[in-house]
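Since the structure comes first, as structure tokens, the remarks are kept for the end.
The values are calculated or read from the model by the stated rules, or taken from the named source; none is laboratory data. As the structure is a prediction and not an experimental result, all values here were calculated from the model. Cβ atoms come from the backbone with ideal geometry, glycine included; neighbour counts cover every protein chain shown. Protein only, heavy atoms only, side chains kept; ligands, DNA and RNA dropped before computing areas. Shrake-Rupley method; radii C 1.70, N 1.55, O 1.52, S 1.80 Å.
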Amino acid sequence: MFQMIKHHPYFHHIKSSVFGFMFLLPTSLFALSLLLLLACNGFSVFYIYLPGYLKSSPEPIKLLPENLSGDKTVAKLVSSVMYALKEENPPGVLKTHLSLAKKPNFSMVPIGKASVVKPKQAGLSRQILRTLDSGTKPKGFFSSKVKTFFWNSKCKSRFFMTWISPIESLSDRELLAIESVFKFHPKACLVIVSNSLDSKKGSVVLKPFSDMGFKLIAVHPDFDYIFKNTYAETWFNRLKKGNINPGEVSLGQNLSNLLRLALLYKYGGVYLDTDVLVLKSINRLRNVISAQSINPETKNWSRLNNAVLIFDQNHPLLFKFIQEFALTFDGNRWGHNGPYLVSRVVERVTGRPGLNFTVLPPSAFYPVDWTRIRSLFQGPQNETHSNWLKLKLGQIRRQSYAIHLWNRQSKQVKVQEGSIIHHIISDCCIFCNSLKSKF
């Protein structure tokens, strides 16, 4: 009987099935375990995150009130055209409780939360800061010297410049900028915030102005005092501790961008870059900033500039400029903390009450863009060119309060006889005979 079953075809089929099942069982269990493992791993990677409120917020800082007094609306342009910012690659608006600037293309670190800086970068930052603020002056020196200077000088107007480079870099062009201030403002006071010029060598360089009775001083910067009670104070403290990356752009340049804002906020007056030549009195201008360029299609300004700033003490727009600098600082993008900063802030606050300021057309301080500044250094090439130079010179003399020479583009360009700049030198120089042979 058993032999019959053994040789039965159905018996062979059952036998094959049992052996097949026993052989595939380990393989199936192994595959099942792999599937479970992949499922767990996938869940941990591709989980859905539901955002919630932060458990804690950055530690608040004590600042001046943002809503400062003022009952006038934002002033329109001289041409009665309201200008609007058209920045390259305009970012979207970052909506926060502080109403900050448009969202930049980099990570923003709120005040009170330190960013990570590599040791090499932190060391570089501290090295530059030691150069700018060596600590050789006693505490309170800056405030005392400036206060005494303004008190004793009885200034009709206040001008500020900054010079962060070595004294050897100071050329006749920068000295001409100083001359132009006093040529049209003989009773003004000029404060040059500079480490290198506040020295024996600096006193020698500036002595000719003092000998002629002009009122000017060079004073070593006290950043802690100048930035006190503003957003700049916390930003600067974090920078000194190495918690802010200074970036690839010169830290001195960015400090100058912030310094001019803080100086005007603390004292009020006129700030000028050292490559700006004054062409006429600007005593009647108040709370103004100028457009650098205009969109030819819309006739609206496309960018402002911070080479010339004229503002009252504690002006709320300056407060917002400083706030913007501290909260959106980027040391790797040229102009982000300077011209683009003032542009995006003005674009954002235009129309708000309590911010009494005027945006002037480019002709006020920037009659020629940086891309064409070299043309003003060229003498007449032919009769047609000569006529154009005369017309352009007349236009600048009528419409412009000052002219920005854009040193980065024109520093090495020689002034040709009969050029527009040649005539402007004659208009604004004081030590003319000695200057024309050197400029």
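Just one of the listed residues (ILE425, ILE420, ILE430, ILE396) is in contact with a Cys (Cβ under 8 Å, 6 or more places away or on another chain) and open to solvent by less than 50 Å² (accessible area, probe 1.4 Å), namely ILE425.
Can you name the residue in region 294-313 that is outside any loop (DSSP other than H, G, I, E, B) and in contact with a Phe, Trp or Tyr (Cβ under 8 Å, 6 or more places away or on another chain) and, of all such residues, is surrounded by the fewest Cβ atoms within 10 Å (Cβ to Cβ)?
Filtering region 294-313 down to residues outside any loop (DSSP other than H, G, I, E, B) leaves 294, 301-304, 308-311.
From the residues that got through so far, the ones that are in contact with a Phe, Trp or Tyr (Cβ under 8 Å, 6 or more places away or on another chain) too are 294, 301, 303, 308-311.
Values: ILE294: 20, TRP301: 26, ARG303: 23, VAL308: 25, LEU309: 26, ILE310: 26, PHE311: 22.
By that ranking, first place goes to ILE294.
Of the numbered criteria (1) among the hydrophobic types (A, V, I, L, M, F, W, C); (2) under 16 Å from the mean Cα position of the chain (by Cα); (3) open to solvent by 10 Å² or more (accessible area, probe 1.4 Å); (4) closer than 16 Å to LEU190 by Cα, the one LEU216 fails is (2). Hey, can you tell me all the residues within region 203-226 that are touching a Phe, Trp or Tyr at 6+ places or on another chain (Cβ under 8 Å) and basic (Lys, Arg)? Within region 203-226, LYS215 is the sole residue that qualifies. Show the residue pairs that are 6+ apart or on different chains and have beta-carbon atoms under 8 Å apart, the first residue being within region 324-353 and within 15 Å of SER293 (Cα to Cα), the second being in a loop (DSSP other than H, G, I, E, B) and among the acidic types (Asp, Glu). Taking only residues 6 or more apart or on different chains, the pairs are TYR340/GLU87; SER343/GLU87; ARG344/GLU87; GLU347/GLU87. The set of residues in region 376-400 being out of contact with any Ser or Thr (no Cβ under 8 Å at 6 or more places or on another chain) and outside any helix (DSSP H, G or I) consists of GLN381, ASN382.
Sort out which residues of region 267-281 are hydroxyl-bearing (Ser, Thr, Tyr) and either open to solvent by less than 20 Å² (accessible area, probe 1.4 Å) or assigned to a helix (DSSP H, G or I) (or both), and write them in order of number.
Taking region 267-281 and keeping what is hydroxyl-bearing (Ser, Thr, Tyr), we get 267, 271, 274, 281.
TYR267, TYR271, listed by residue number.
Criterion first (within 29 Å of GLY269 (Cβ to Cβ) and among the aromatic types (Phe, Trp, Tyr)) does TRP388 satisfy it? Against the criterion (within 29 Å of GLY269 (Cβ to Cβ) and among the aromatic types (Phe, Trp, Tyr)), TRP388 does not qualify. If the condition is being out of contact with any His (no Cβ under 9 Å at 6 or more places or on another chain), within 30 Å of GLN395 (Cβ to Cβ) and in a helix (DSSP H, G or I), then region 346-375 contributes VAL346, GLU347, PRO362, SER363, ALA364, ARG374, SER375. For region 362-385, a residue qualifies if it is open to solvent by 30 Å² or more (accessible area, probe 1.4 Å) and more than 27 Å from the chain's Cα centre (by Cα), and the qualifying residues are SER375, GLN378, PRO380, GLN381, ASN382, GLU383, THR384, HIS385. Take the residues in region 161-185 that are in contact with a Lys or Arg (Cβ under 9 Å, 6 or more places away or on another chain) and part of a loop (DSSP other than H, G, I, E, B), then tell me which one is most open to solvent (accessible area, probe 1.4 Å). Top of the filtered list is SER171. For region 186-213, the set of residues classified as open to solvent by less than 30 Å² (accessible area, probe 1.4 Å), hydrophobic (A, V, I, L, M, F, W, C) and out of contact with any Ser or Thr (no Cβ under 6 Å at 6 or more places or on another chain) consists of LEU190, VAL191, ILE192, LEU197, LEU206, PHE209, listed by residue number.
How about region 152-169: which of its residues are without any contact (Cβ under 8 Å) to a residue 40 or more places away in the chain and within 13 Å of SER196 (Cα to Cα)? Working first, answer last.
Of region 152-169, the ones without any contact (Cβ under 8 Å) to a residue 40 or more places away in the chain are 152, 154, 166-169.
Those that are without any contact (Cβ under 8 Å) to a residue 40 or more places away in the chain and within 13 Å of SER196 (Cα to Cα): PRO166, ILE167, GLU168, SER169.
Filter region 247-266 down to the residues that are of a type in the set (A, V, I, L, M, F, W, C) and in contact with a helix residue (DSSP H, G or I) (Cβ under 6 Å, 6 or more places away or on another chain), then identify the one that is surrounded by the most Cβ atoms within 10 Å (Cβ to Cβ). Spell out the reasoning first.
Let us first name the residues in region 247-266 that are of a type in the set (A, V, I, L, M, F, W, C), namely 249, 251, 255, 258-259, 261-264.
Among the residues that remain, those that are also in contact with a helix residue (DSSP H, G or I) (Cβ under 6 Å, 6 or more places away or on another chain) are: 251, 258, 261-262, 264.
Numbers: LEU251: 21, LEU258: 25, LEU261: 30, ALA262: 24, LEU264: 24.
Among those that are of a type in the set (A, V, I, L, M, F, W, C) and in contact with a helix residue (DSSP H, G or I) (Cβ under 6 Å, 6 or more places away or on another chain), it is LEU261.
Of everything in region 222-266, what is in a loop (DSSP other than H, G, I, E, B) and touching a residue at least 60 places away in the same chain (Cβ under 8 Å)? Give them in sequence order. Across region 222-266, the qualifying residues are ASP222, ASN229, THR230, LYS241, GLY242, ASN243, ILE244, ASN245, PRO246, GLY247, GLU248, VAL249. Against the list (1) in contact (Cβ under 8 Å) with a residue 24 or more places away in the chain; (2) open to solvent by 70 Å² or more (accessible area, probe 1.4 Å); (3) more than 27 Å from ASN300 (Cβ to Cβ), the condition LYS390 fails is (1).
Among the residues that make up region 320-334, is at least one of them touching a His at 6+ places or on another chain (Cβ under 6 Å) and surrounded by fewer than 22 Cβ atoms within 10 Å (Cβ to Cβ)? Yes, the conditions are met somewhere in region 320-334.
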